[in-house]
Amino acid sequence: METKLSDYRGAETATEKKVKVTFQPLDVTVEGEKGESVLEIALRHDIPLEHNCGGNCACTTCHVIVKGGMENLSEMEDEEDDMLDKAKGLTLTSRLGCQAHVYGDVVVEIPRK
């Protein structure tokens with residue numbers, strides 16, 4: 001059977017679909033699927049990231065501070081930006097874990113409440 005270049009176009013391997021998220025100050029790195037939110041990845045790996053509204057961008061309990069890989073996250077929507085104004089300890093790299101979808105490796109800090 002002949003393999004053609006066209007057989008590989010657009011095909012991602014399982015490894016290429018994986019992303020790594022490091023959670024500080026826990027210093028724990030876990031894998032997730034490309035496109036999942038920081039919150040989804042945290043919950044699947046039992047990382048303690050609060051989410052009082054169930055991940056619906058209706059609170060700020062899943063607030064994280066991006067320490068590395070900001071370019072590997074989805075762009076912030078207006079709704080998230082407005083909600084973040086209410087977050088305790090807001091920084092220039094703050095995101096809501098439920099709204100930040102991961103497309104490459106990132107490092108986030110879970111701030112103390």
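Some notes on this structure:
- Yes/no for residue 43 being in contact (Cβ under 8 Å) with a residue 12 or more places away in the chain and surrounded by 14 or more Cβ atoms within 10 Å (Cβ to Cβ): no
- Residue selected from the stretch 6-33 under the condition among the basic types (Lys, Arg) and closer than 21 Å to residue 74 by Cβ, by the criterion modelled with the lowest pLDDT: 17
- Scanning the stretch 69-90 for residues that are surrounded by 14 or more Cβ atoms within 10 Å (Cβ to Cβ) and of a type outside the set (D, E, K, R) turns up 69, 70, 72, 73, 74, 76, 83, 84, 87, 90.
- The requirement of being of a type in the set (Asp, Glu) and in contact (Cβ under 8 Å) with a residue 12 or more places away in the chain is not satisfied by residue 75.
- Among residues of the stretch 46-65 that are under 16 Å from residue 102 (Cα atoms), those with a Cβ under 9 angstrom from a residue that is in a loop (DSSP other than H, G, I, E, B) and charged (D, E, K, R), sequence gap 6+ or separate chain, pair up as 62/50; 63/50; 63/88.
- Qualifying residue in the stretch 82-92 (condition: modelled with pLDDT of 95 or more, within 15 Å of the chain's Cα centre (by Cα) and not hydroxyl-bearing (Ser, Thr, Tyr)): no
The values are calculated or read from the model by the stated rules, or taken from the named source; none is laboratory data. Since the structure is predicted, the reported quantities are computational estimates derived from the model, not experimental observations. Positions of Cβ are generated from backbone atoms using ideal geometry, with glycine treated the same way; all protein chains shown enter the neighbour counts.
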